[in-house]
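Every read-out reported here was derived from the displayed coordinates using simple, explicitly stated rules and does not represent laboratory data. Bear in mind that the values here come from a model prediction, so they are computed numbers and not experimental data. As a convention, Cβ positions derive from the backbone with ideal geometry for all residues, glycine included, and neighbour counts pool all protein chains shown.
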């Protein structure tokens with residue numbers, strides 16, 4: 001039996017691996033983009049840390 | 001000699017396209033459009049990137065529920081001609097893999113929507129997935145001929161999720177957008193059931209045309225169309241409506257009612273004689289009805305934005 005260098009199954013695997021890989025790259029880009037949007041807009045990035053901080057109450061209201 | 005070919009290791013080797021097919025991309029297009037309208041007409045506007053992410057994750061949640069539906073319904077799908085070529089019955093994706101994808105993407109889409117917008121939107125998406133995959137697919141689809149009505153509710157949630165993603169709460173406008181799709185779904189599908197000689201019966205799924213007969217189905221189409229009209233006009237009178245929506249609602253509903261009335265007046269002999277012409281026309285118009293109605297809401301939102 002000869003072993004073929006590329007089989008049809010390899011093509012299908014390549015298509016799937018490329019697709020899944022690209023999807024993951026896009027997902028990383030989305031998470032990064034969301035982070036940039038939320039940080040630059042100044043969404044609350046900190047909360048009370050066991051100590052009352054009156055200055056944050058004003059921000060929260 | 002033993003089979004040493006590379007295929008012997010695994011019977012199925014899905015391509016990326018098979019995974020995409022598992023998410024029902026055609027259903028997704030309606031989800032994307034209606035969710036986008038819900039988001040755009042809301043009085044609070046999101047950052048464009050957040051809005052795009054919200055639409056993407058609502059669509060992904062819809063796709064995930066489609067995958068769960070295909071996993072559970074693989075036995076029915078393999079019996080019916082229309083669905084026999086879906087990824088699971090055709091053997092391209094293993095059932096366990098479809099279940100894993102469905103559950104995984106459900107969790108991912110809900111968490112990401114909640115992080116991108118707000119917790120309420122994420123919770124509503126989670127409820128929609130649960131409603132479609134469990135309440136509709138597992139409990140009611142094989143039990144009652146009203147399955148179309150219940151399944152329609154799952155399809156009606158996306159504009160409401162879009163609205164909640166923007167505003168953080170449910171209001172009358174969101175409820176009416178939900179109600180339009182909810183009331184529209186039964187006439188849309190039952191018109192299809194009248195002219196598509198389906199094999200639902202072989203699969204053991206109760207369809208109104210079979211359980212209650214075709215005259216009863218015609219009556220149901222008219223009843224739901226009559227109930228749809230006040231909902232559509234009511235939405236046009238809320239804050240998201242306007243002259244375009246009101247005009248569209250009046251014209252579209254008169255036209256829809258005329259079609260439903262025509263279907264109700266006909267009997268099977270007449271319908272078979274002209275090849276179900278009225279039913280086919282009504283079905284095609286029902287698609288335009290929904291797109292034009294939600295398109296009109298977008299148009300009014302654009303007009304409000306310009307003023």
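Checked against (1) over 23 Å from the mean Cα position of the chain (by Cα); (2) part of a helix (DSSP H, G or I), residue B:239 passes all but a single condition, namely (2). When you look at residue B:204, is it out of contact with any helix residue (DSSP H, G or I) (no Cβ under 9 Å at 6 or more places or on another chain) and closer than 30 Å to residue B:79 by Cβ, yes or no? Answer is no for this residue.
Among the candidates B:128, B:167, the residue that is buried (at least 16 other Cβ atoms within 10 Å of the Cβ) and over 24 Å from residue B:105 (Cβ atoms) is uniquely B:167. Among the residues making up segment B:108-121, those that are within 12 Å of another protein chain (Cβ to nearest Cβ) and in contact (Cβ under 8 Å) with a residue 12 or more places away in the chain are B:108, B:109, B:112, B:113, B:116, B:117, B:118.
In the set B:56, B:99, B:36, which member is within 12 Å of chain A (Cβ to nearest Cβ) and part of a helix (DSSP H, G or I)?
Numbers: B:99 fails: within 12 Å of chain A (Cβ to nearest Cβ); B:36 fails: within 12 Å of chain A (Cβ to nearest Cβ).
Unique residue meeting the criteria: B:56.
In segment B:39-53, the qualifying residues are those that are within 14 Å of another protein chain (Cβ to nearest Cβ) and part of a helix (DSSP H, G or I), and the one that is surrounded by the most Cβ atoms within 10 Å (Cβ to Cβ) is B:53. Of the residues screened, residue B:105 is one that is within 14 Å of chain A (Cβ to nearest Cβ), within 20 Å of residue B:18 (Cα to Cα) and surrounded by 21 or more Cβ atoms within 10 Å (Cβ to Cβ).
Evaluated against (1) under 11 Å from the mean Cα position of the chain (by Cα); (2) touching a residue at least 12 places away in the same chain (Cβ under 8 Å), residue B:37 falls short on exactly one condition, (1).
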